[in-house]
1. Give me a count of the residues in the stretch 106-124 that are under 30 Å from LEU163 (Cα atoms) and exposed (fewer than 13 other Cβ atoms within 10 Å of the Cβ).
2. If you scan the stretch 53-75, which residues turn out to be more than 18 Å from VAL153 (Cβ to Cβ) and assigned to a helix (DSSP H, G or I)?
3. Report yes if LEU101 is farther than 29 Å from GLY166 by Cβ, at pLDDT 95 or above and not polar (S, T, N, Q), otherwise no.
4. Where the second residue is buried (at least 17 other Cβ atoms within 10 Å of the Cβ) and of a type in the set (D, E, K, R) and the first is more than 15 Å from MET148 (Cβ to Cβ) and lies in the stretch 14-29, which pairs have Cβ atoms under 9 Å and are six or more apart or on separate chains?
5. Just the residues that are modelled with pLDDT of 90 or more and hydrophobic (A, V, I, L, M, F, W, C), please, taken from the stretch 69-90.
6. Of the residues in the stretch 42-53, how many are aromatic (Phe, Trp, Tyr) and in contact (Cβ under 8 Å) with a residue 24 or more places away in the chain?
7. Which one of these does PRO136 not meet: (1) touching a helix residue (DSSP H, G or I) at 6+ places or on another chain (Cβ under 6 Å); (2) modelled with pLDDT of 90 or more?
Amino acid sequence: MNAMRRYIKLVDGFNYGLGRIMMYGIFVLMGILLWSSYNKTFGSPQIWTLEMAQFVMVGYYILGGPYALQMGANVRMDLFYAELNPRKKAWTDAITVFFLLFYLGILLWGGIESTMYSFQYGWERSPTAWRPYMWPVKIVMCVGIALMLLQAVSELFKDILFLTSGEETRDAL
């Protein structure tokens, strides 16, 4: 049980800090899009802005995902869940998290394969006019998926601790 508590504290602390930093990624994205709009209106359009905005959005979304899961901001089918008592919610979460773990495992495996492909075959580049390398965004995706996987295990441990000892670890931070 102590190992679970340490794991929760470590993973939740890291993902909380990263999530708080990634919240400001929206301002980076807005800056790129404003620059793009300004240049399209008053200057010459830049070829890098759309793709760079997409890359920033990937980082914002993927690296902010574990924080959203930790804060309970993920989308949930509340048709029946909202009416359950805390113990039944913990049981439901503990069972359904295995579907999430399976999905994230497959996603991480595919992401690693895609990243390896990017390195293996001549440093894969985007087929656009700007032609940036694809490996940085693929690495960000793999890291984000791995962090989401770690956070999902943390959520499972929180449910196990609640079900076995009644210990509420949701608001540990």
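The values are calculated or read from the model by the stated rules, or taken from the named source; none is laboratory data. This one's a predicted model, so the numbers in the text were calculated from it and none came from an experiment. Glycine gets a Cβ as well: all are built from the backbone with ideal geometry, and neighbour counts include every protein chain shown.
1. 1
2. Across the stretch 53-75, the qualifying residues are ALA53, GLN54, PHE55, VAL56, MET57, VAL58, GLY59, TYR60, TYR61, GLY64.
3. In short, no.
4. none
5. LEU69, MET71, ALA90
6. Going through the stretch 42-53 one residue at a time, the tally reaches 1.
7. (1)
For every residue, the table says whether it meets (1) among the charged types (D, E, K, R); (2) free of Cβ contacts under 8 Å to residues at least 24 places away in the same chain.
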residue	(1), (2)
SER37	no, yes
LYS40	yes, yes
PHE55	no, no
PHE80	no, yes
THR96	no, yes
PHE102	no, yes
LEU108	no, no
